[in-house]
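The values are calculated or read from the model by the stated rules, or taken from the named source; none is laboratory data. Keep in mind the model is a prediction, meaning the values are calculated, not measured. Here the Cβ is made from the backbone with ideal geometry for all residues, glycine too, and neighbour counts use every protein chain on show.
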Amino acid sequence: MSNNIITEASTTIPAARRTGLSEAMRKMRRHWQLYFLILLPLLYFILFKYVPILGIQIAFKDLSPKLGIWGSPWVGLKHFEAFFNHPNFWLLIKNTLFLSLYALAIGFPVPIILALMINELRDGIFKRTVQLVSYAPYFISTVVMVSMILLFLAPRIGVIDHIRTALGLDSINFIGEPSMFKSIFVLSDAWQYMGYNAIIYIAALAGVNPQLYEAAKLDGASRLQKIIHIDLPSIMPIMVLLLVLNMGQLLNIGFEKVYLLQNPLNTSSSEIISTYVYKVGLVQANYSFSAAVGLFNSIINLALILLANFGARRATGSGLF
Amino acid sequence: MQKTNAIKEPVSDKLLLGIIYTVLIAVLIVVLYPLIYIVSSSFSSPQAVVSGRVWLFPVEFSLKGYTAVLNNPRIWSGYYNSLIYMAVGTFISVSLTFALAYPLSKRTFYGRSPIMYMIIITMIFSGGLIPYYLTVKGLGIIDTRWALLLPQAVAVWQVFIAKTFFQESIPEELNEAAAIDGCSDLRFLWSVVLPLSKPVVAVLALMYAVTAWNAYFDALIFLKNVDLYPLQLILREILIQNSVDNSMMVDIRTMEARQGMKDLLKFSLIVVSSLPVLIIYPFVQKHFVKGVMIGSLKG
């Protein structure tokens with residue numbers, strides 16, 4: 001009986017596949033309008049995402065404006081070697097990694113804690129106010145954010161300095177202190193994004209089955225126990241997802257803000273790979289060398305996201321892909 | 001009898017709740033204070049700002065900062081340019097996002113998964129800054145308005161939001177029924193899907209609009225012509241590079257007054273430049289939350 005079914009199935013498969021293919025062709029023809037629709041966005045992705053990926057080849061070439069990207073001569077790994085032997089190589093790596101790990105260590109848990117706390121509030125004006133206010137800084141542009149930082153931290157006129165002088169302390173030029181730079185960056189980022197980044201967790205917490213809380217209450221669980229045993233596990237998948245995504249961006253850390261916060265006094269601490277690529281590549285027009293630096297950056301990012309994804313799969317059984 | 005059976009809240013719970021309220025009140029103050037300080041400073045006199053007498057409310061109320069800002073032609077031109085980039089850019093972005101997300105939301109769309117992969121790959125790997133710059137340069141749109149409208153037109157995350165929305169809110173049966181009645185795909189999209197998609201159009205438009213208004217990096221690398229500068233680039237010059245041209249400093253003689261005026265100007269400028277976003281913020285806040293939530297369903 002079962003043998004019969006198997007042979008029957010195996011004989012029908014090729015036929016099914018054949019009709020499947022022509023079926024696909026028929027479907028494509030019938031839905032030609034959808035393909036027409038998707039043409040323009042696909043062109044966008046090819047033009048602005050995939051052509052640049054092909055352009056990576058200049059990292060292995062000496063770009064000459066006359067010969068263009070495709071015609072320039074190959075030079076192998078020359079630019080990579082130059083970068084690895086560059087006196088600032090380790091400084092750049094150190095600054096970039098340290099800044100992004102620091103940003104992750106603060107920027108990742110703070111929204112989670114905020115969301116867990118907001119979730120404990122009863123619906124009402126206070127809860128809505130906390131949400132409305134904490135999301136607001138997200139909408140401030142980077143330029144304005146940086147100028148706010150500069151205004152608040154400025155010696156003599158900044159509000160922080162006024163507090164210090166009121167307390168009888170010396171005034172400090174915070175933004176000119178290399179040792180302060182990373183904390184300024186990370187803490188202001190937390191200030192700006194904690195509310196917005198908490199939204200996703202608040203949404204997940206709102207979806208938790210209320211029966212779980214009732215059952216926990218009957219068992220005499222305390223608030224803290226409910227948070228640890230119900231709330232945290234229910235947002236775990238999103239935490240993992242965001243952590244993996246964040247890992248992939250580790251070396252891409254906010255060029256826009258770092259660049260604006262830089263000044264000649266703090267560069268020893270604030271020069272990171274992306275700002276270096278910009279300065280060498282676009283300001284000094286040293287295209288090939290800085291493309292190599294950029295590629296190095298992209299490859300490390302890719303490796304990190306794959307590693308984080310692998311780790312997440314091993315640890316929790318779910319990853320991003 | 002019933003009452004004694006009710007479970008009382010233990011002391012530790014009350015303590016935890018107390019801590020939560022305290023921390024959240026502190027968060028409120030920490031977030032709000034800088035914002036209030038900036039608005040109050042912008043309405044104070046230059047002397048009050050420079051001597052640090054502003055703490056919470058405006059001191060020696062004056063509109064000098066605003067008059068200086070509004071008298072600057074470059075700020076007007078930046079405002080005008082930014083409005084164009086925001087309006088046109090949002091239109092292009094939303095249209096492209098729709099045109100991509102709608103076919104991808106159809107389970108019957110042949111070639112759906114390779115296209116999905118093609119898009120997701122761009123999320124985790126990119127050519128980097130230099131090839132990106134050279135590509136845009138090669139297209140010959142550098143130093144034109146197109147350089148700010150096209151290269152960042154589609155955001156992958158927004159495509160996911162739209163796609164998830166279509167899948168959840170437009171039933172496949174509706175399309176099948178319309179198809180039997182002889183309705184073409186484009187017609188269906190135009191007369192059925194689009195009217196049903198107002199909430200997601202709002203979400204996408206808001207996200208793209210805020211990004212467009214706040215962006216400065218592409219303008220920094222692609223634009224040389226000052227007449228095309230968006231507001232953020234003008235702001236950068238005045239706020240961060242401290243270049244205030246003297247037309248804004250008429251009638252100010254002493255160094256001290258000059259410094260005060262410079263600082264006051266910054267506060268007023270921050271308020272003026274954030275105005276469009278601040279005005280719409282309370283109304284759009286819900287939509288933003290909705291957008292983040294639709295996007296999170298994907299994960």
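Key figures
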item: Inter-residue pairs, beta-carbon under 6 Å, first in contact (Cβ under 8 Å) with a residue 12 or more places away in the chain and in region B:77-101, second part of a helix (DSSP H, G or I) and of a type in the set (K, R), 6+ apart; result: B:A101/B:K163
item: Helices (runs of 4 or more DSSP H) wholly inside region A:230-321 that include at least 1 residues being in the same structural domain as A:A154 (by TED's automatic domain parsing) and acidic (D, E); result: A:255-261
item: Selected residue (only one of B:L104, B:L148, B:L100 is touching a helix residue (DSSP H, G or I) at 6+ places or on another chain (Cβ under 9 Å), closer than 30 Å to A:I58 by Cβ and within 12 Å of chain A (Cβ to nearest Cβ)); result: B:L100
item: Residue satisfying condition, being free of Cβ contacts under 8 Å to residues at least 60 places away in the same chain, among the acidic types (D, E) and at the interface with chain B (Cβ under 9 Å from one of its Cβ atoms), within set A:D161, A:D170, A:D123; result: A:D161
item: Test: B:I120 is in contact (Cβ under 8 Å) with a residue 24 or more places away in the chain, on the phi < 0 side of the Ramachandran plot and surrounded by fewer than 23 Cβ atoms within 10 Å (Cβ to Cβ); result: yes
item: Failed item in (1) aliphatic (A, V, I, L, M); (2) surrounded by 13 or more Cβ atoms within 10 Å (Cβ to Cβ); (3) part of a helix (DSSP H, G or I), with A:M25 passing the rest; result: (2)
item: Qualifying residue in region B:195-212 (condition: farther than 30 Å from A:I140 by Cα, surrounded by fewer than 20 Cβ atoms within 10 Å (Cβ to Cβ) and touching a helix residue (DSSP H, G or I) at 6+ places or on another chain (Cβ under 8 Å)); result: yes
item: A:A216 vs. criteria in a helix (DSSP H, G or I) and within 12 Å of another protein chain (Cβ to nearest Cβ); result: yes
item: Residues of region B:174-221 satisfying the condition of being under 25 Å from B:L239 (Cα atoms), of a type in the set (G, A, S) and either touching a Cys at 6+ places or on another chain (Cβ under 7 Å) or away from chain A (no Cβ under 13 Å) (or both); result: none
item: Qualifying residues in region A:135-158 (those that are farther than 13 Å from B:I270 by Cβ and more than 7 Å from every other protein chain (Cβ to nearest Cβ)) - the one surrounded by the most Cβ atoms within 10 Å (Cβ to Cβ); result: A:G158
item: Hits in region A:51-74 (condition: buried (at least 16 other Cβ atoms within 10 Å of the Cβ) and out of contact with any His (no Cβ under 8 Å at 6 or more places or on another chain)); result: A:V51, A:P52, A:I53, A:G55, A:I56, A:Q57, A:I58, A:K61, A:L63, A:I69, A:S72
